[in-house]
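Below: the structure, in structure tokens.
What follows is calculated from the coordinates using simple rules that are stated; it is not laboratory data. What you see is a predicted model, and the numbers here were worked out from it, not measured in a lab. Cβ atoms come from the backbone with ideal geometry, glycine included; neighbour counts cover every protein chain shown.
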Amino acid sequence: MNYQYSESFALEMDQKDPLAKFRDQFIFPQVNGEEAIYFCGNSLGLQPKTVRNGLDRELQNWAKMAVDGHFHGEDAWFYAKNKSKPALAEIMGAHEHEVVAMNNLSVNLHLLMVSFYRPTSEKYKIIVEAGAFPSDQYMLETQVKFHGLNPEEVIVELKPRAGEHTLRTEDIVAEIKKQGDALALVNMAGIQYYSGQLFDLEAITKAAHEVGAYAGFDLAHAAGNALLKLHDWDVDFATWCSYKYMNSGPGNISGIYVHERFAERPDIPRFAGWWGHDEGQRFKMEKGFLPMFGADGWQLANTNILALAAHQASLDIFMEAGIENLRNKSVSLTGYLEYLIREISGESGILEIITPENPSERGCQLSLLIHRGGKAVFDEWYQHGVVGDWRNPNVIRLAPTPLYNSYMDVFRFAKILEQSIKKFA
Ligand SMILES: *Cc1c(COP(=O)(O)O)cnc(C)c1O
């Protein structure tokens, strides 16, 4: 792609962009009275305008039908989880019976660990990337302690080589081989929240399986961002959140993926609740847990309908836009941001992009290591309307998302960057 640092180029790219019309379906926040340059979909996606209708519809169902809404009307709540399955399956690269929306991400991580981390005296180690998201670290630490083991002896953290910021697949695979039979589980991010690195989930899963370990991933930053093929990659399990790239609202519902080879394995330990119990038998209110087929068998509680309504409004937009189209634009848009940052910051030494250069090793986020100016650089950008985020100790994350960001957003940011480079030089 021959990018140019010019307004006319950015405008032309927007005109040619088949996804440009989706921008208008989202509500942009304001900073200092002007529409923000919103590059923070990695943390909280923008509100689709259709969310309000989706919520209103369920409020009306509730008002009109009250308890009858569980089994009556077009949206019968008893079957609500099924509505999101086609979109979730598409986004995850999975079969519909391998995915279900439920709970929140950290909760789901724990529930999946119950099933997929069952250490023995010989097979007990867990591989994770160093500097994993805190919730994932606390989850692993307390799961290991729950089994009476010592996290320091169990958890193997993968660190980049000296002088590097991201992990090499060959090093991940080598560590998996090294741990060998002792390895019980690889539990990594899909996309690392700090560096923006997209891991090779297929290669990692294959290596894990070769030593008889499970491979499960936290897709918080990959869901709705990277192209995923969880089923074909043979991934054992995964979970994600819906409020980052999936634009479903703060703290909204998470989901899980469990490979179909576990679909009919009632022997696999799990913490059960009535919503995972065989649908046909559920209201018999009898003893004896019979898990539903597939991922549904991991559900515990009856579905949060208002949460799902907001989630669905956003999933509908994903389906309309098409995930391959989104990914194509994403590669181009993030490439444009990368090009402009390199053009403008040049040899200034103020910042450095630590996210991999290869588009197949990243989603839409670029992580900028700030060498000079620290958080003042971030604050300066914010004053000019750029909403990204600052992550301690010294990274600014910028995520132009293909659904609602434009090439002009990236160009406008570049102008602000140019000013601040002069200021902090
Ligand atoms: C955002 C994020 C979380 C947040 O967990 P919640 O349970 O949704 O609060 C957890 N893990 C990772 C890797 C994340 O990026």
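Worth a mention:
- Taking the longest Cα principal axis of the chain as reference, the axis of helix 169-179 is set at about 40 degrees.
- Based on every Cα atom in region 13-69, Rg and the maximum pairwise Cα distance Dmax equal 16.6, 51 Å.
- C-alpha center-to-center spacing [region 77-95, region 316-350] in angstrom: 28
- Overall form of region 1-130 per C-alpha gyration tensor (a/c, 1.5; a/b vs b/c): oblate
- With Cα atoms, 0 to 90° folded angle of helix 201-210 axis to the chain main axis: 40
- Top of Ala376, Ala220, Ala414 by mean-square fluctuation, Gaussian network on the chain, Cα under 10 Å: Ala376
- Against the rule of thumb 2.2 N^0.38 Å, how large the Cα Rg of region 120-161 comes out: 1.15
- Overall shape: oblate for region 164-293, with the ratio a/c of the largest to smallest alpha carbon gyration tensor axis at 1.5 or above and b/c at least equal to a/b.
- Fraction of beta bridges assigned by DSSP in region 55-320 that are antiparallel (%, nearest 5): 40
- On a per residue basis, the convex hull of the C-alpha atoms belonging to the chain measures out at 144 Å³.
- Most to least packed among 367-374, 156-163, 57-64 [average Cβ atoms within 10 Å]: 367-374, 57-64, 156-163
- Cα gyration tensor shape of region 315-425, rounded if a/c is under 1.5, else prolate or oblate by comparing a/b with b/c: prolate
- Look at where the Cα atoms of region 361-425 and of region 173-240 average out, and the two centres are 29 Å apart.
- Calculated mean residue ellipticity at 222 nm for the chain: -11000 deg cm²/dmol, from DSSP H runs with n ≥ 4 weighted as -39500 (n - 2.57), summed, divided by the residue count and rounded to 500.
- Cα-Cα over 21 Å, subset of Lys145/Lys177; Lys123/Lys229; Lys16/Lys329; Lys125/Lys178; Lys21/Lys49; Lys64/Lys244: Lys145/Lys177; Lys123/Lys229; Lys64/Lys244
- Seen against the Cα atoms of the chain and their longest principal axis, helix 305-321 is set at about 50 degrees.
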